[in-house]
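S.K.: The structure that follows is given in the form of structure tokens.
The values are calculated or read from the model by the stated rules, or taken from the named source; none is laboratory data. Just so you know, these numbers come straight off a predicted model, no measurement behind them. Methodologically, a virtual Cβ is constructed for each residue, glycine included, from the backbone with ideal geometry; neighbour enumeration extends over all protein chains shown. Remember, those area values only see protein heavy atoms, side chains included, never the ligands or the DNA or RNA. Shrake-Rupley method; radii C 1.70, N 1.55, O 1.52, S 1.80 Å.
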Amino acid sequence: MATTPVIQAANGYLNPPSDEETLSMFTPQDAIAREIEEFIQNHAVSVEMRSKPEYSESRPHLKIPESQRNHNLTGGTLMGPGKVAVPPFVWSERGGKSLVSISYLGADLCGHPGIVHGGLLATLLDEGLARCCFAALPNKVGMTANLNINYRSPALADAFVVLRAKTTKVDGRKAWVEGHIETLVGEGEKPVVLVEASALFIEPRQAAVIEFVYPNITWHPSLSRHERNELRKQRGFTIWLTGLSASGKSTVATALEQHLLHLGFAAYRLDGDNVRFGLNKDLGFSEKDRNENIRRIAEVAKLFADSSTIAITSFISPYKADRKIARDLHATASQGGDDSIPFIEAYVDIPLEVAEQRDPKGLYKKARAGEISNFTGISAPYEAPEIPEIHLRTDQLSVEESVAKIMEYLHSQKLLTSK
């Protein structure tokens, strides 16, 4: 399926490796890379930085999901033999106060023969200064508002460099940073400053709804949702099916997805069982894990809907508070004056006794026997929606009638364009 990489990438963003884990994620593939790696690992600057408890060491480019690195300039396109030979080592001071990083810049990064391109140095400073201050901003993300570059000396290729940055001021959503790139030298030697920079970064107002951002990203505005909807000729939204196990959520969701696809709409179904094989395979069924399960799904559904795809989710999602979080994520996802993303709660309603009679997986029987704990409707609560947009009594409606009722609602709200 074409959407599988989207799930993989989303899983990577939602579950990034820790700083410590990134330090063991890179294996040099040739002798040159191994030599570069060992030199940086054992250099006096690296040893000194590791001795400072206020700094954490990481290789942040390795937090980018592998499937997305080819789409990232510094984390993929410019990484590899002859370029940025190994992922840079970075030491970040707590609270976004300062940062030090070491890189090796190869001969394929030149403007003039043997001289590293000035545009690349500016890019490295933009990223490094941003990474320095993000931890000082309220939601740990920002966009470059201003970047001033002052070139001091030619940067020779096939050489090690050190980037040093310091946050000089923070005021609400704004952070000012200064930094430079210098040569990496031995103990007692004086480094040569190659280029200096100062910058202003501003956290976007919509950053409050961005829960997961990997460390080396700088927020840049893109297409508005309205523009994307116009280009794709449909509007994205989420249909959230909730109800007891065996109520028919997955059956209705599957039929609805097929019906929308046959009509020419881009739609994708996220199913409770299927998602637990991948994105949420690390979660159990305690209340805490159930909450996290729904939060992750809400984030993924929002991404699909924001891409002008109709996201269909079928999850028990037993708690009102969790469904409210999912709804609020969509409501606060406005950008560039766009409306919020529509969130349609569909209550797939069925009496508990009917669900137990159906019991296609034998789960109710096991729950009654005490073989399954925290089972919704038996040993864990289900909090029914009070005012859902759509109410389906699947013990009284056929699958076809349930789909027709959903379609009737979508047309009444003008969520579907003519195909």
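S.K.: Open to solvent by less than 80 Å² (accessible area, probe 1.4 Å) and either outside the structural domain of residue 182 (by the TED database) or within 24 Å of residue 133 (Cβ to Cβ) (or both), is that true of residue 67? Please lay out each step first, then the result.
M.R.: Values: open to solvent by less than 80 Å² (accessible area, probe 1.4 Å): yes; either outside the structural domain of residue 182 (by the TED database) or within 24 Å of residue 133 (Cβ to Cβ) (or both): no.
So residue 67 fails the test.
S.K.: As an exercise: evaluate residue 360 against (1) under 27 Å from residue 255 (Cβ atoms); (2) surrounded by 14 or more Cβ atoms within 10 Å (Cβ to Cβ) and give the number of the one condition it does not meet.
M.R.: (2)
S.K.: Part of a loop (DSSP other than H, G, I, E, B) and under 30 Å from residue 41 (Cβ atoms): does that describe residue 138? Lay out the reasoning, then the answer.
M.R.: Numbers: part of a loop (DSSP other than H, G, I, E, B): yes; under 30 Å from residue 41 (Cβ atoms): no.
Taking the combined requirement at face value, the residue does not satisfy it.
S.K.: Condition first: out of contact with any helix residue (DSSP H, G or I) (no Cβ under 8 Å at 6 or more places or on another chain) and part of a helix (DSSP H, G or I). Now tell me which residues in the range 105-133 satisfy that. Show your work before the answer.
M.R.: Step one: list which residues in the range 105-133 are out of contact with any helix residue (DSSP H, G or I) (no Cβ under 8 Å at 6 or more places or on another chain), which gives 106-108, 110, 112-113, 115, 118-119, 121-122, 125-126, 128-130.
Passing the criteria: 107, 108, 118, 119, 121, 122, 125, 126, 128, 129, 130.
S.K.: Still on this model: Report every pair of residues separated by at least 6 positions or lying on different chains whose Cβ atoms are under 6 Å apart, first residue within the range 132-143 and closer than 12 Å to residue 176 by Cβ, second part of a loop (DSSP other than H, G, I, E, B).
M.R.: Every condition considered, the pairs that remain are 137/203; 142/203.
S.K.: Only one of these conditions is not met by residue 75: (1) assigned to a helix (DSSP H, G or I); (2) out of contact with any His (no Cβ under 6 Å at 6 or more places or on another chain); (3) not basic (Lys, Arg). Which number is it?
M.R.: In the conditions (1) assigned to a helix (DSSP H, G or I); (2) out of contact with any His (no Cβ under 6 Å at 6 or more places or on another chain); (3) not basic (Lys, Arg), residue 75 misses (2) alone.
S.K.: Restricting attention to the range 66-88, and to residues there that are within 22 Å of the chain's Cα centre (by Cα) and at pLDDT 95 or above, which single residue is nearest to residue 32 (Cα to Cα)?
M.R.: So the residue we want is 87.
S.K.: Quick one: in the range 147-193, which of the residues that are open to solvent by less than 70 Å² (accessible area, probe 1.4 Å) and among the hydroxyl-bearing types (Ser, Thr, Tyr) is modelled with the lowest pLDDT?
M.R.: Within the range 147-193, the match that is modelled with the lowest pLDDT is 153.
S.K.: Next question. When you scan the range 266-339 for helices (runs of 4 or more DSSP H) that lie fully inside it, which ones turn up with 2 or more residues that are open to solvent by 20 Å² or more (accessible area, probe 1.4 Å) and among the aliphatic types (A, V, I, L, M)? First the steps, then the outcome.
M.R.: Values: elements: 272-275, 287-306, 320-331.
Passing ranges, in order: 320-331.
S.K.: Could you please give the count of residues in the range 202-250 that are surrounded by 16 or more Cβ atoms within 10 Å (Cβ to Cβ) and either at pLDDT 90 or above or assigned to a helix (DSSP H, G or I) (or both)?
M.R.: Residues of the range 202-250 that are surrounded by 16 or more Cβ atoms within 10 Å (Cβ to Cβ), as a first pass: 202-204, 206-207, 209-210, 213-219, 225, 228-229, 234-250.
Then drop every residue that is not either at pLDDT 90 or above or assigned to a helix (DSSP H, G or I) (or both), which leaves 202, 206-207, 209, 225, 228-229, 234-250.
Selection size over the range 202-250: 24.
S.K.: Taking the conditions exactly as written (closer than 27 Å to residue 147 by Cα, outside any helix (DSSP H, G or I) and open to solvent by less than 30 Å² (accessible area, probe 1.4 Å)), does residue 56 satisfy them or not? Walk me through it before giving the result.
M.R.: On the way: closer than 27 Å to residue 147 by Cα: yes; outside any helix (DSSP H, G or I): yes; open to solvent by less than 30 Å² (accessible area, probe 1.4 Å): no.
So residue 56 does not fit the description; no.
S.K.: On to the next question. Cβ-Cβ below 6 Å, separation at least six or inter-chain, first residue in the range 18-45 and within 16 Å of residue 88 (Cβ to Cβ), second among the acidic types (Asp, Glu) and open to solvent by less than 60 Å² (accessible area, probe 1.4 Å): which pairs?
M.R.: Note: pairs meeting the criteria are 28/37.
S.K.: Tell me which residues, restricted to the range 105-138, are under 22 Å from the mean Cα position of the chain (by Cα) and surrounded by fewer than 17 Cβ atoms within 10 Å (Cβ to Cβ).
M.R.: If the condition is that a residue be under 22 Å from the mean Cα position of the chain (by Cα) and surrounded by fewer than 17 Cβ atoms within 10 Å (Cβ to Cβ), then 138 is the only one that fits.
S.K.: Further question on the same structure: For the range 395-419, name all the residues that are touching a helix residue (DSSP H, G or I) at 6+ places or on another chain (Cβ under 8 Å) and closer than 24 Å to residue 342 by Cα. Break it down into steps so the answer makes sense when it comes.
M.R.: First, pick out the residues of the range 395-419 that are touching a helix residue (DSSP H, G or I) at 6+ places or on another chain (Cβ under 8 Å): 395, 397, 399-400, 402-403, 406-407, 416.
Answer for the range 395-419, where residues must be touching a helix residue (DSSP H, G or I) at 6+ places or on another chain (Cβ under 8 Å) and closer than 24 Å to residue 342 by Cα: 399, 400, 402, 403, 406, 407, 416.
S.K.: Moving on. Across the range 78-104, what is the number of residues that are touching an Asp or Glu at 6+ places or on another chain (Cβ under 6 Å), in a strand (DSSP E or B) and open to solvent by less than 10 Å² (accessible area, probe 1.4 Å)?
M.R.: Restricting attention to the range 78-104, the residues satisfying the condition of being touching an Asp or Glu at 6+ places or on another chain (Cβ under 6 Å) are 82-83, 86, 91, 93-94.
With the extra rule that they be in a strand (DSSP E or B), the set shrinks to 91, 93.
So of that shortlist, the ones also open to solvent by less than 10 Å² (accessible area, probe 1.4 Å) come out as 91.
Count: 1.
S.K.: Give me the pairs: first residue in the range 146-169 and over 25 Å from residue 43 (Cα atoms), second residue assigned to a strand (DSSP E or B) and open to solvent by 90 Å² or more (accessible area, probe 1.4 Å), beta-carbon distance under 7 Å, and six or more apart or on different chains, which are they?
M.R.: 168/178
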